[in-house]
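See structure below.
The values are calculated or read from the model by the stated rules, or taken from the named source; none is laboratory data. Just so it is clear, the structure is predicted and the values come from calculations on it, not from any experiment. We place every Cβ from the backbone using ideal geometry, glycine too, and count neighbours over all the protein chains shown.
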Amino acid sequence: ADDALLAAARLHAGRASGREKALDLLETLLDTYPKGDMAAEARRLQTALREDGQEAQARRRTAEPPELQVLSWDSPSRNLVEIVLEMSAPAQFSTRLEESRKGAPARLFLDLEDARVVNDVRKGVTVRGSLLQAVRVRDRKQGGATLQFDFREVRRFDTRSEDDPCRIVLSVAAGKATLPHKGKGRSRQGYAEADADQEPPVKRAAALKTRQVSDMASQLGLTVRKVFIDAGHGGKDPGTSHNDVLERMVTLDVALRLGRLLESNGLDVVYSRRKDVSVSLSERTRKANAERADLFVSIHVNANDNAQINGFETYYLDLASNPQAARVAMLENAGSDRRLGDMQCMLADVMLSARVEESRRLAGDIQRLSMFRLKRREYAVRNNGVKAAPFHVLLGAQMPAILVELGYCTNRGEARNLGTSSYRHALAEGLAEGILAYRDRLLKRRTAENSLTAAPPDAM
């Protein structure tokens, strides 16, 4: 076991963003097997990684100022929103809340010290159908920038920073909604009202249970080994077609590229179609269920009567959840070694809740990483965020399922991009990185023993 832990740590240490995971594994090795024959080598690698991290931080301090590169948000419910700021390097920041007044929304200000903001984010955005209403950016006289987030209301909020990758995460809740469970990183909390945290013990316990069951997949030790890729439309169903872009052909091309990328990273891939043929919506999910896939990813191209509308967006199926039933399933199945695709036979009400939550998490990772990849490839793409909608193709899936709209072919600029091989490959890269990030998030929350005995190779 200690040999395997050290081998896994070395693999992660060789990746550009794997240092923290390598240190976690080494810490587990030294805590569990302090007198093992791998302990000395583990300590040497641990020291080297820590020194590398210190040198990297020193280089960042003398390098160009950090830059806000991508801003995305996710609205899991009417009274909850999570906003992610992707930074090029760690940045100093502070937050302040301005409560709502008559005629003015609640505003949360985030001051970035000595940080730049890319033009796409600097333009700001107006949001519909979310607790978040608008984002505005302005320069600070003393350097850096201030981001102003307008909300319908704010009851409580939390901010945290993460170093690998570098990001700032804002979680804002209104009404009786509870903030999501905080992950790794430095966290700060704030309340819009002095008594906001003085909830009765029963309510606090109920909120804690809800947070515990919301992360069902990681708590049950589930992982991702097989991905079902659905190229939208096909054959006699051409999908939408504008500006020389035919949806059924674009989705197939991106699907095949995505599949090759996932396979090269150790995942099994199943397709709804690999040629230009017709496949019914029900047949797609039936095939995914029969294959016992762990994730369902459906790829589409969007269209709108307004040719100015553009952007990349990710959807998940928003169905009713049952936290109490989810808690029962968590307790009864905690020792199970089943995967995400295996769980459909156990407590349908519970898995309905779990699939919705995991689908939302998957959608968030795909949206965030896709936007980040397109930005790195120097494509200016509007971030339309994560949304919920009752797509029929997702309805029958018995695993976390999302639908991606790659862009609007009715927009001339986006249609030109969709018509190029390089852009479609960048889209496939972003989708793959989002799926792998979701898988890695599940692996990170499992025990080291389970991760090393049941997980696929991590080579990206």
Problem set entry | First in the stretch 33-50 and touching a residue at least 12 places away in the same chain (Cβ under 8 Å), second anywhere and acidic (D, E), Cβ under 8 Å, 6 or more apart | Y33/D2; G36/D2; D37/D2; M38/D2; M38/D3; A39/D2; A42/D2; Q46/E27
For this session: Filter the stretch 108-126 for residues that are in contact with a Phe, Trp or Tyr (Cβ under 7 Å, 6 or more places away or on another chain) and in a strand (DSSP E or B) and give the result.
Result: L108, L110, D111, L112
For this session: Tell me which residues, restricted to the stretch 43-78, are basic (K, R), at pLDDT 75 or above and closer than 30 Å to L30 by Cβ.
Result: R43, R44, R50
For this session: Just give me the residues in the stretch 1-38 being farther than 26 Å from S88 by Cα and basic (K, R), in sequence order.
Result: K35
For this session: May I ask you to list the residues in the stretch 408-420 that are among the hydroxyl-bearing types (S, T, Y) and either touching a helix residue (DSSP H, G or I) at 6+ places or on another chain (Cβ under 7 Å) or free of Cβ contacts under 8 Å to residues at least 40 places away in the same chain (or both)?
Result: Y408, T420
Exercise. What helices (runs of 4 or more DSSP H), lying completely within the stretch 245-350, carry at least 2 residues that are surrounded by fewer than 17 Cβ atoms within 10 Å (Cβ to Cβ) and at pLDDT 50 or above?
Worked result: 247-264, 281-290
Seminar exercise, completed: Only one of S130, S94, S88 is within 16 Å of A174 (Cα to Cα) and either assigned by TED's automatic domain parsing to the domain that holds V172 or among the aromatic types (F, W, Y) (or both), namely S130
For this session: Run K35 past the list (1) under 25 Å from P165 (Cβ atoms); (2) surrounded by fewer than 14 Cβ atoms within 10 Å (Cβ to Cβ); (3) of a type outside the set (S, T, Y) and report the number of the one that doesn't hold.
Result: (1)
For this session: Hey, can you tell me all the residues within the stretch 74-107 that are in contact (Cβ under 8 Å) with a residue 40 or more places away in the chain and part of a loop (DSSP other than H, G, I, E, B)?
Result: R78, N79, S88, A89, P90, A91, E99, S100, P105
Exercise. Is there a residue being modelled with pLDDT of 85 or more, more than 19 Å from E162 (Cα to Cα) and in contact with a helix residue (DSSP H, G or I) (Cβ under 6 Å, 6 or more places away or on another chain) anywhere in the stretch 79-87?
Worked result: no
Problem set entry | Residues of the stretch 422-445 satisfying the condition of being farther than 16 Å from I299 by Cα and at pLDDT 90 or above | S422, L436
Exercise. Are there any pairs with C-beta distances below 6 angstrom linking a residue in the stretch 115-130 that is surrounded by 13 or more Cβ atoms within 10 Å (Cβ to Cβ) to a residue that is of a type in the set (D, E), with the two at least 6 apart or on different chains, and if so which?
Worked result: R116/E67
